[in-house]
1. What number of residues within region 102-127 are part of a loop (DSSP other than H, G, I, E, B) and either modelled with pLDDT of 85 or more or surrounded by 14 or more Cβ atoms within 10 Å (Cβ to Cβ) (or both)?
2. From 97, 75, which residue is more than 15 Å from the chain's Cα centre (by Cα), touching a residue at least 24 places away in the same chain (Cβ under 8 Å) and under 20 Å from residue 54 (Cβ atoms)?
3. Got a sec? Which helices (runs of 4 or more DSSP H) wholly within region 1-95 have at least 3 residues that are out of contact with any helix residue (DSSP H, G or I) (no Cβ under 9 Å at 6 or more places or on another chain) and crowded, with 16+ Cβ neighbours inside 10 Å?
4. Filter region 128-146 down to residues that are in contact with a strand residue (DSSP E or B) (Cβ under 6 Å, 6 or more places away or on another chain) and surrounded by fewer than 18 Cβ atoms within 10 Å (Cβ to Cβ) and give me whichever is farthest from residue 81 (Cα to Cα).
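The values are calculated or read from the model by the stated rules, or taken from the named source; none is laboratory data. This is a predicted model, so every value here is computed, not measured. Here the Cβ is made from the backbone with ideal geometry for all residues, glycine too, and neighbour counts use every protein chain on show.
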């Protein structure tokens with residue numbers, strides 16, 4: 001894939017979150033790619049991630065189960081598209097493992113009913129990391145719904161939780 005075509009940002013379809021983090025990218029990568037390290041921080045509290053499966057390869061499963069403060073569970077199944085160790089992780093909820101397209105519009109009981117592809121980019125800056133998350137949506141309605149759900153605030157809180165978690169390791 002040509003990086004110039006995969007990194008085109010469309011303000012009507014895409015959301016982004018960018019921050020400089022006082023951690024090396026290797027620790028952030030570990031927190032994103034190992035279930036036991038992802039579950040403690042992945043959802044903004046008081047929500048929780050109560051299950052996680054990761055098959056860290058293109059076509060591999062990325063599955064989380066989120067639990068609301070009221071105890072309702074929301075499974076989210078997706079497929080990794082790109083895994084570049086310590087640099088970029090890309091996945092989508094539009095495909096199941098093995099790049100199998102999802103039948104119908106939404107997954108039953110999923111936390112979201114819109115399709116998106118997400119990427120986390122990690123770039124070393126001395127002993128810090130530029131952390132960039134991008135969510136690409138299939139249509140403007142999905143992008144607006146994701147923004148209204150609190151994309152920027154939610155990803156910011158989750159990143160703060162990741163930082164606090166990693167600093168305890």
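1. Adding up the residues that qualify gives 9.
2. Residue meeting the stated conditions: 97.
3. Helices (runs of 4 or more DSSP H) meeting the threshold: 25-33.
4. 128
Yes or no, residue by residue, for (1) touching a residue at least 40 places away in the same chain (Cβ under 8 Å); (2) within 13 Å of residue 29 (Cα to Cα):
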| site | (1), (2) |
| --- | --- |
| 129 | yes, yes |
| 139 | yes, no |
| 144 | no, no |
| 152 | yes, no |
| 156 | yes, no |
| 161 | yes, no |
| 168 | no, no |
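Okay, residues lined up against (1) touching a residue at least 40 places away in the same chain (Cβ under 8 Å); (2) under 13 Å from the mean Cα position of the chain (by Cα):
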position	(1), (2)
13	yes, no
36	no, no
42	yes, yes
47	no, no
68	no, no
